[in-house]
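Okay, structure first, notes after.
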Amino acid sequence: QDLSDNAHNLCRFGQWFNKLPEQTLNLHPYFSEIASAHQKMHQGAKVLSSLKESNSAIPVNLLDQFHTDLDSLRDYFEAINDELYELLHTRDPLTGATNRANLVENLQKEQELCKRKSLSCALIMIDLDHFKRVNDEFGHGAGDKVLIALVKCIKSHLREYDQLYRYGGEEFLVCLPHTELEGAKSFSERLRAAVATLKIEIGNDKHINVTGSFGVALINANDDIETAIERADQAMYQAKKSGRNRVCTV
């Protein structure tokens, strides 16, 4: 089998890999790199096996190259494994938003970066209005669909370097680096309006609308991160007290 021209398709990994649908292989750039590295490793194995079969001496450089190719393949496997581990431990499985596992650590890094560059960093606490009513009237399955739709809407408004966390049941925290208070407030108003116009399909051709209350605060240079989050939380509760479906700042 090692002497076959398509040995990379005949090994157990190759047989499994070739059965993956194309859309799956397009999900991550490493998959194409793995395919190339895997084929190259088998090509090297074929050369070495041919030399061994003919009782020929194996040049050291060919053996070194084979080990290099094998190490390269292992590196890709380890890199993807590390990414999967990170996703499993830091992602909310329902919505895909980042969970709170590394929240404080990540925000501290943003705080330090903004301090060095004399820039502002804003936090937005978002809480769905009357979410319990959705669960009570339509069931938790409908509530899940609402949360998924909300996160999709939020993500569509974020820049590449913005951060979104699922903070609680129906609470989400957005971090906007390099953003002043007024800019964060304007962003929140646009997002609030977008959320209010969502028509969320919850099954059986039923659609519902939801609104959210938004609290905006800056991470000050000398803030304890928990204090900054608390200010955004207080602003969000002020939005609730003021009638919901609005943005408040502190």
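Once the Cα atoms are used to define both axes, helix 60-90 deviates from the longest principal axis of the chain by about 20 degrees. Across region 80-177, C-alpha contacts under 8 Å between residues 6 or more apart give a mean separation that, scaled by the residue count, equals a relative contact order of 35 percent. Computed over the chain, relative contact order equals 17 percent, with contacts defined as Cα pairs under 8 Å that lie 6+ residues apart.
Result for the chain in a Gaussian network model with C-alpha springs under 10 Å: among LYS109, LYS240, LYS145, the largest mean-square fluctuation is at LYS109. Just checking the listed ones, ILE229, ILE154, ILE80: in the Gaussian network model of the chain with Cα springs under 10 Å, the one fluctuating most is ILE80.
Connecting C-alpha atoms closer than 10 Å in a GNM of the chain, tell me which of ASN204, ASN135, ASN99 has the biggest fluctuation. The residue that fluctuates most here is ASN204. Give me the angle, in degrees from 0 to 90, between the Cα long axis of helix 225-241 and the longest principal axis of the Cα atoms of the chain, rounded to the nearest 10. Approximately 50 degrees, to the nearest ten.
Among the listed pairs LYS132/LYS185; LYS19/LYS109; LYS109/LYS241; LYS117/LYS185; LYS115/LYS185; LYS109/LYS155, give every one whose C-alpha distance is greater than 30 Å. Long pairs (Cα-Cα over 30 Å): LYS19/LYS109; LYS109/LYS241.
Bear in mind that the values in this text are calculations on the coordinates, not laboratory data. Just so we're clear, the structure is a prediction, and the values are computed from it rather than from any experiment.
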